[in-house]
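Below is one structure, written out as structure tokens; the observations come after it.
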Amino acid sequence: MRRNFPDFPVLSFDMKILYEKIIPACSNWSKVILDGQVLKITDIHGSQAVDFLCFADEDRQERYNAPNTLKAAGTIALTKGHHLYSDLARPLFTIIEDTFIGHDTIGGCCSTHSNKMLYDVDGVTGCRENFLNALAEHGMGRRDIVPNVNFFMEFPVSEDDGGAISTGRSIAGDFVSLKANLNVLAVISNCPQINNPCNAFNPTAIKVEVLAGYGCSPGPSNQA
Ligand SMILES: [Zn+2]
């Protein structure tokens, strides 16, 4: 169900687009986002999961950390006002805009190996392999893959602690904007999964933009 957020300000309309790229279905992308710049990710067609890793560019051993992020947020489902914290508990990115509301922090990424484990299919590559390809361009690899954020995806947990990936509920044009709090390497796998419903069994293209000129308040944080 789509959650209500009626007073949502659209801050990035006032910003200058420095970079824009369409990421085809099932492919990967990476780029260093400079301190103060905004990375905007748009789900062009809807129901498309975007697996996401990030690293402090000055020392890429410092990377996104799910436990710090969800403990600070007080929820497993991220939205505007939440921060993507590192293992050193520094906020690498802050979510300043979000039309989806409730991005996953616990489901991790799909892979050739998990596709075999879960769906008994052979040789079907996933986000882990996309991450490896993207990270290789930066001299990085398997050790750099940690449990990632999944934008436009949900892994709902029931009252009896049951959980599973749900059908992608994002609609065409949904977007999330992340303001970099230092120079951050962002890595994306545009999820190729067709064995579960996170992409509604139809992976599609997304758009990434890098914006600058952010000068207004992101509004009150969801946390104290
Ligand atoms: Zn995936």
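Computed from the coordinates by the stated procedures, all read-outs in this text should not be read as laboratory data. As the structure is a computational prediction, the values presented were derived from the model and not from experiment. Here the Cβ positions follow ideal geometry from the backbone for every residue, glycine too, while neighbour counts run over all protein chains shown.
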For this session: Could you run the Debye sum over the Cα atoms of the chain, one equal point scatterer each and no solvent, and tell me log10 of I(q)/I(0) at q = 0.09, 0.10, 0.17 Å⁻¹, two decimals?
Result: -0.32, -0.40, -1.27
Exercise. What is the gain in length, in nm to one decimal, between Asp122 and Arg142 on full extension, counting 0.36 nm per residue of separation less the C-alpha to C-alpha distance?
Worked result: 5.2 nm
Exercise. If you stretched the chain out fully between Asp35 and Arg90, how much longer would it get, using 0.36 nm times the residue separation minus the C-alpha to C-alpha distance?
Worked result: 18.5 nm
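Just how large is the dipole of the stretch 79-144 about the Cα centre, in debye to the nearest 20, putting +1 at every Lys and Arg Cβ and -1 at every Asp and Glu Cβ? Each step should come with its number before you reach the end.
Numbers: 6 positive and 9 negative charges, 38 e Å.
Value, rounded to 20: 180 debye.
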Problem set entry | 11 Å beta-carbon shell around Phe55, net charge (K/R +1, D/E -1) | -4
Exercise. Assuming a viscosity of 1.002 mPa s and a temperature of 20 °C, what translational diffusion coefficient in µm² per second does Stokes-Einstein assign to the stretch 119-203, Rh being the Kirkwood radius over Cα pairs?
Worked result: 142 µm²/s
Problem set entry | Globularity ratio of the stretch 45-130, using Cα Rg and 2.2 N^0.38 Å | 1.23
For this session: Mind jotting down the distance between the C-alpha centroids of the stretch 51-79 and the stretch 97-126, whole Å?
Result: 17 Å
Problem set entry | Fully extended contour minus Cα-Cα distance, from Tyr19 to Ala212, at 0.36 nm per residue | 68.5 nm
Seminar exercise, completed: Bounding extents of the stretch 145-194 in its principal axis frame from Cα atoms, largest first in Å, are 40, 27, 20
For this session: Rank by packing, highest mean first: peptides 44-51, 206-213, with packing defined as the count of other Cβ atoms within 10 Å averaged across residues.
Result: 44-51, 206-213
